[in-house]
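Report on the structure given below.
The values are calculated or read from the model by the stated rules, or taken from the named source; none is laboratory data. All figures in this text were calculated on a predicted structure; none of them were measured in a lab. Here the Cβ is made from the backbone with ideal geometry for all residues, glycine too, and neighbour counts use every protein chain on show. Surface accessibility is based on the protein's heavy atoms, side chains included, excluding ligands, DNA and RNA. Shrake-Rupley method; radii C 1.70, N 1.55, O 1.52, S 1.80 Å.
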Amino acid sequence: MNKMTKEYLKKEFNIKEEALSLHEEALKQITPLFKEYDEIREYNQYKVLKAFQEENISDYHFTNSSGYGYGDVGRDTLDKVYARVFGAESALVRPQFVSGTHTISCVLYGILRPGDTLLAMTGAPYDTIHGIIGIGQEEQSRNEGSLKDFGISYKEIPLIVEDIDVESTLDALRKDETIKMVHLQRSKGYASRSSFTLSILEEAIRAVKKEFPDVVIFVDNCYGEFIEEKEPTEIGADIVAGSLIKNPGGGIAPTGGYVAGRADLVEMSSYRLTVPGLGGECGSTFAVMRSFFQGLFLAPMISIEAVKTAIYAAKIMELAGYSVHPVAEAKRTDIVQAITFNDEVKLIEFVKGIQYGAPIDSSASCEPWDMPGYDDKVIMAAGSFMQGASIELSCDAPIREPYTAYLQGGLTFDHGKIGVLIALSRLL
Ligand SMILES: *Cc1c(COP(=O)(O)O)cnc(C)c1O
């Protein structure tokens, strides 16, 4: 950052001198770390390009179908592009998936049957999945229609500190023949653990598959796409799901989700999104196809911009005296950065600061609220082009001890930096 920019930030954004000196130090320390991620970005860009070329993507794939959406060639070909990128037999990419949670629910309801058991291998799943399973606070209030309600049981293997407990998982599988699916979550969500890198996931999946080849391995891939050179479907997962307003939408897709994996499992999931018999052959795409294609094409770059923002936030907040998870130097497998404040007021101030740095709704003041699907009150900064898009610079936090904020996204690293600088300045 040159002198002119610094003066500008001080004058126009009230960035404190102290924040700028922390910035200098942070940038000096993290710049060497970027090389590895630039190389991952480069590889994934070529992988995506190759998939486009193999499917001969042309202007006529930017369809704008209506009504039933039969024969939407853009939609059907994008499925094939995703399948190639994810090294999967098949994929289903649709604007009718309203969120990541909905996409995951289609996989669970689509594949599990009454009498089956779902086994969570990486501890408790992400908060919004609890209502689908029928656990937690949701149990008392709104479990109508949960998996539990349909006679699908649930078991969970707690982590050993932060590690996957493979032995207990195998034990559970040996004792219970009804376990049809094993659920793994790559990103930490609102848990205090580390996110699981693909090499850790691969080892766990391999151990399960070796003894139980027929059990379905499902990986919640939210926030993980394009952060490593491979995706979980390339290291043994049978099916993955994610959100298009996170990494793979590249900040361009306005809504939607994707499922990729074994063809029979993707088809079962499609029967849940629409109905048995119709599956993925129905569903119009209004005017989203161009943005889905373009978003995927940009996703390797945008996802790595977000990683750089996360690494920057980790380093500068650590230098400012806060505890961060993961640390800047850790190997990343997702775009999420946790920052712990141990103080409710500081947490809220930080989140508000991220909002003040946004291109959209920068004058809004965030407040904690009872967000649907979450057990605690949640505060969320999302001054984004797409409502709630967390591939854009965003920060959310459940209002509970130890008052940890989860920062993610940033369409450009430059925006990520100033967002964090504004938020940090408010704490100094
Ligand atoms: C974001 C997220 C979800 C849910 O996605 P939504 O689009 O917010 O519904 C599920 N799992 C993980 C790990 C996530 O990060």
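How many residues are more than 14 Å from the ligand (Cβ to nearest atom), assigned to a loop (DSSP other than H, G, I, E, B) and under 24 Å from the mean Cα position of the chain (by Cα) when one looks only at the stretch 66-95? It would help to see each step written out before you state the result.
We begin by selecting, within the stretch 66-95, every residue more than 14 Å from the ligand (Cβ to nearest atom); these are 66-93.
Right, trim to assigned to a loop (DSSP other than H, G, I, E, B) and you get 66-72, 86-89.
Among the residues that remain, those that are also under 24 Å from the mean Cα position of the chain (by Cα) are: 86-89.
Here the count works out to 4.
Quick grid of which residues meet (1) under 22 Å from Ile422 (Cβ atoms); (2) open to solvent by less than 20 Å² (accessible area, probe 1.4 Å); (3) within 16 Å of the ligand (Cβ to nearest atom):
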residue	(1), (2), (3)
Ser269	no, yes, yes
Arg272	no, no, yes
Val275	no, no, no
Cys282	no, yes, no
Ala299	no, yes, yes
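Just to be sure, is Glu177 more than 12 Å from the ligand (Cβ to nearest atom), out of contact with any Cys (no Cβ under 6 Å at 6 or more places or on another chain), over 27 Å from Val275 (Cα atoms) and not in a helix (DSSP H, G or I)?
yes
Looking for something open to solvent by 70 Å² or more (accessible area, probe 1.4 Å), modelled with pLDDT under 95 and more than 16 Å from the ligand (Cβ to nearest atom) - is there at least one such residue anywhere in the stretch 126-139?
First, the residues of the stretch 126-139 that are open to solvent by 70 Å² or more (accessible area, probe 1.4 Å): 137, 139.
Adding the requirement that they be modelled with pLDDT under 95 leaves 137, 139.
From the residues that got through so far, the ones that are more than 16 Å from the ligand (Cβ to nearest atom) too are 137, 139.
Yes: the stretch 126-139 contains one or more residues that are open to solvent by 70 Å² or more (accessible area, probe 1.4 Å), modelled with pLDDT under 95 and more than 16 Å from the ligand (Cβ to nearest atom).
Only one of the listed residues (Ala237, Ala253) is in a loop (DSSP other than H, G, I, E, B), more than 15 Å from the chain's Cα centre (by Cα) and of a type in the set (Gly, Ala, Ser). That residue is Ala237. Would you please name the residue that is surrounded by the fewest Cβ atoms within 10 Å (Cβ to Cβ), looking only at residues in the stretch 188-208 that are closer than 17 Å to Ala120 by Cβ and free of Cβ contacts under 8 Å to residues at least 40 places away in the same chain? Of everything passing the filter in the stretch 188-208, Ile200 is surrounded by the fewest Cβ atoms within 10 Å (Cβ to Cβ).
Condition check for Ile227 on (1) β-branched (Val, Ile, Thr); (2) in a loop (DSSP other than H, G, I, E, B); (3) farther than 30 Å from Asp38 by Cβ: one failure, at (3).
With the condition kept exactly as written, say whether any residue in the stretch 148-162 is away from the ligand (no atom under 12 Å from the Cβ), in contact with a Pro (Cβ under 9 Å, 6 or more places away or on another chain), assigned to a loop (DSSP other than H, G, I, E, B) and open to solvent by less than 20 Å² (accessible area, probe 1.4 Å). So far as the stretch 148-162 goes, yes, one or more of its residues are away from the ligand (no atom under 12 Å from the Cβ), in contact with a Pro (Cβ under 9 Å, 6 or more places away or on another chain), assigned to a loop (DSSP other than H, G, I, E, B) and open to solvent by less than 20 Å² (accessible area, probe 1.4 Å).
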